[in-house]
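Read the structure below first, then the notes.
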Amino acid sequence: MKGQISRSNDDTIHGLKNRELSSLKKLHDNYVYSMSGVVALVVTDEETRNRILDWTFIKAWHEVENYESSQTSVFIWLLRISMKVMAEHMEVPLLEMQKRVYHAYRELKAKEEKKN
């Protein structure tokens, strides 16, 4: 399965680099749910979350030439882009946004562990 995901991601990134809109749709469809969860850790307003998600994928489209599969996964690449977009939107330094996401994630995990 992992090999299939990797191959699929490689095809998607290749398509993005060739400016294929169908590849942007595929990237969006494959990752929007995960990215939405990350953004929701920090952004409570649904309209703002959707705007941030839109800009995350637009930036991915424009920055795809900088993506190197040997350096990072597609998920981590998109995560970094989404944090940059959130930082810009909320007008806070990127490091501050990274800390907010990290602490919100840790808090969520602690709540889940208490349930179990």
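The values are calculated or read from the model by the stated rules, or taken from the named source; none is laboratory data. Everything numeric in this text was worked out from a predicted model, so none of it was measured. As a convention, Cβ positions derive from the backbone with ideal geometry for all residues, glycine included, and neighbour counts pool all protein chains shown.
Structure notes:
- Given (1) in a helix (DSSP H, G or I); (2) modelled with pLDDT under 95; (3) surrounded by fewer than 19 Cβ atoms within 10 Å (Cβ to Cβ), index of the condition Thr12 fails: (3)
- Output for the stretch 25-56, where each listed residue is hydrophobic (A, V, I, L, M, F, W, C) and farther than 23 Å from Pro93 by Cβ: Leu27, Val32
- Condition check for Ser82: part of a helix (DSSP H, G or I) and either surrounded by 12 or more Cβ atoms within 10 Å (Cβ to Cβ) or not hydroxyl-bearing (Ser, Thr, Tyr) (or both): yes
- Among the residues of the stretch 31-57, the ones that are without any contact (Cβ under 8 Å) to a residue 24 or more places away in the chain and among the polar types (S, T, N, Q) come to 3 in all.
- Within the stretch 46-73, the only residue that satisfies the criterion of being part of a loop (DSSP other than H, G, I, E, B) and surrounded by 14 or more Cβ atoms within 10 Å (Cβ to Cβ) is Tyr67.
- The set of residues in the stretch 91-114 that are over 21 Å from His62 (Cα atoms), in a helix (DSSP H, G or I) and of a type in the set (A, V, I, L, M) comprises Leu95, Met97, Val101, Ala104, Leu108, Ala110.
- Some residue of the stretch 27-39 being in contact with a His (Cβ under 6 Å, 6 or more places away or on another chain), of a type in the set (Phe, Trp, Tyr) and surrounded by 11 or more Cβ atoms within 10 Å (Cβ to Cβ): no
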